[in-house]
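A short worksheet on the structure shown next.
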Amino acid sequence: MEYAIDVRGLSKSFQGNEVVKGINLRVKKGELFALLGPNGAGKTTTINMLTTLLKADGGTAVVAGYDVENQAGDVRKRISLTGQFAALDEGLTGLQNLEMVAKLSGCPSRDARSISEDSIRSFGLWEAKDRTVGHYSGGMRRRLDIAASIVTQPELIFLDEPTTGLDPQSRIQVWEVVRMLLGIGTTVVLTTQYLEEADQLADRIAVIDQGRIIAEGTPTQLKASIGGKTLSIQLSEPVELERITELLVDSPLEVYQDDNSLVYKMAVQEAKLANETVHRLLSNDIPVEYFTLGEPSLDEVFLTLTHSKTKEAAS
Ligand SMILES: Nc1ncnc2c1ncn2[C@@H]1O[C@H](COP(=O)(O)OP(=O)(O)OP(=O)(O)O)[C@@H](O)[C@H]1O
Ligand SMILES: [Mg+2]
């Protein structure tokens, strides 16, 4: 199978500090691939190498069939990048921004206008097309930025944190736009700090932490691998972690303390186990104030993944 992206052993250091540590990735044509990781994990650095903005120190990357190092020009013709910080002209209107991008990419003036009009309409910004971008909301900017990235009809689109800093409503609108890209057959690589976003959009996810891919799979595989839901237990007064772990010594749960010392968390596979755990704590006079059973946050995914790595290494 020919991949849209095939990366082997890619690495990058800044001032002797290795921030991308030999990653391998394969993205299939037409899929949405999410690179999920916290601040500083190496997402933007990786994207910048794949989009030829940054030279790798080691490894190879073939993007849209071309080598990023030796055939950078061929790669650039086939891709577009929407960066972490929007690259729009604040003084121009939404429509003028798109027209400018279209013309810069070699489109004749008359076509540039009609392509831009079609595009701004399909991204739900028709009403705002004659307003200057300086007056757009964060969500509108993001959508316009993505609209600009497809004016040139790339095979492959990179979106670096397309929804960071947006309110939930705008985030959903950006998701709709991303789904549209997939609908027209574009391969999409996006980076995100949000498990929920990767879960909503991605066919496959790679979790990156400190420059390494620590897990990879479909959203379902990934969530199954870290084990279902998170049980959070809030106490009304502090209790030693040892006391809690002692009480649960025969339980398969790994208990850890949140930043807030009154909150204990554990990944649980089934509601029954969550119920038994809460019951056991209460019947041993642990001052449980309340408890919730919810989706794991990205932090919890990382904790679980890095924890199981440590255990693997130790065994
Ligand atoms: N030009 C640079 N010079 C020195 N260090 C850099 C440079 N660019 C990135 N770094 C460092 O490399 C690491 C990875 O940064 P990167 O921007 O790739 O992370 P990220 O996953 O995109 O994070 P964020 O979610 O905050 O955007 C960080 O520790 C960062 O400080
Ligand atoms: Mg980044």
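The values are calculated or read from the model by the stated rules, or taken from the named source; none is laboratory data. Quick caveat: nothing in here was measured; it's all calculated off a predicted structure. Note that we place each Cβ from the backbone using ideal geometry, even for glycine, and neighbour counts take in every protein chain shown. In case anyone asks, the SASA skips ligands and DNA or RNA and just uses the protein heavy atoms, side chains included. Shrake-Rupley method; radii C 1.70, N 1.55, O 1.52, S 1.80 Å.
General remarks:
- Other-chain or far-sequence residues with amide H under 5 Å of ALA4's (modelled H): VAL27, LYS28, LYS29
- Over 21 Å [Cα-Cα, the stretch 174-305], rounded percent: 49 percent
- Summarised in one figure, the compactness ratio Rg/Rh of the chain, Cα atoms and Kirkwood Rh, is 1.06.
- Taking only the C-alpha atoms of the stretch 1-101, Rg followed by Dmax gives 15.2, 46 Å.
- Proximal charge balance of GLY22 [Cβ under 12 Å; K/R count +1, D/E count -1]: +2
- Summed side-chain charge close to ALA4 - residues other than ALA4 whose Cβ falls under 10 Å, Lys, Arg +1, Asp, Glu -1: 0
- Counting protein heavy atoms only, the chain has 49 percent of its accessible area on carbon and sulfur, 1.4 angstrom probe.
- Once backbone amide H atoms are built at 1.01 Å from N, LEU81 has PHE158 as its partners under 5 Å, excluding neighbours fewer than 5 places away on the same chain.
- Cα gyration tensor shape of the stretch 83-128, rounded if a/c is under 1.5, else prolate or oblate by comparing a/b with b/c: oblate
- Hz values of 3J(HN,Hα) by residue in the stretch 210-215 - Karplus curve (6.51, -1.76, 1.60), Gly and Pro given as x: 6, x, 10, 7, 9, 6
- For the stretch 5-96, applying the loop criterion from DSSP together with a ceiling of 15 other beta carbons within 10 Å to the chymotrypsin sites (Phe, Trp or Tyr not before Pro) yields PHE85.
- Residue-span extension gain [LEU104 to ASP57] - 0.36 nm each, minus C-alpha spacing: 13.8 nm
- Prolate/oblate/rounded call for the stretch 158-207, Cα gyration tensor, a/c under 1.5 rounded: oblate
- The chain: angle of helix 168-183 to the longest principal axis, Cα-based, in degrees nearest 10: 60 degrees
- If R0 equals 22 Å, the separation of the Cβ atoms of LYS28 and GLU196 corresponds to a calculated FRET efficiency of about 0.45.
- For the chain, the mean residue ellipticity at 222 nm estimated from helices alone is -11500 deg cm²/dmol, where every DSSP H run of n ≥ 4 contributes -39500 (n - 2.57) and the total is divided by all residues, rounded to the nearest 500.
- Segment SER251-LEU282, length gained on full extension (0.36 nm per residue, minus Cα span): 9.6 nm
- Note on ASN260/GLN169: beta-carbon distance plugged into 1/(1 + (r/R0)^6) with R0 of 30 Å gives a FRET efficiency of 0.60.
- Separation of alpha-carbon centers, the stretch 11-85 and the stretch 223-282, rounded to whole Å: 39 Å
- In the context of the full set of protein chains, the stretch 30-81 has a per residue accessible area of 41 Å² (1.4 Å probe).
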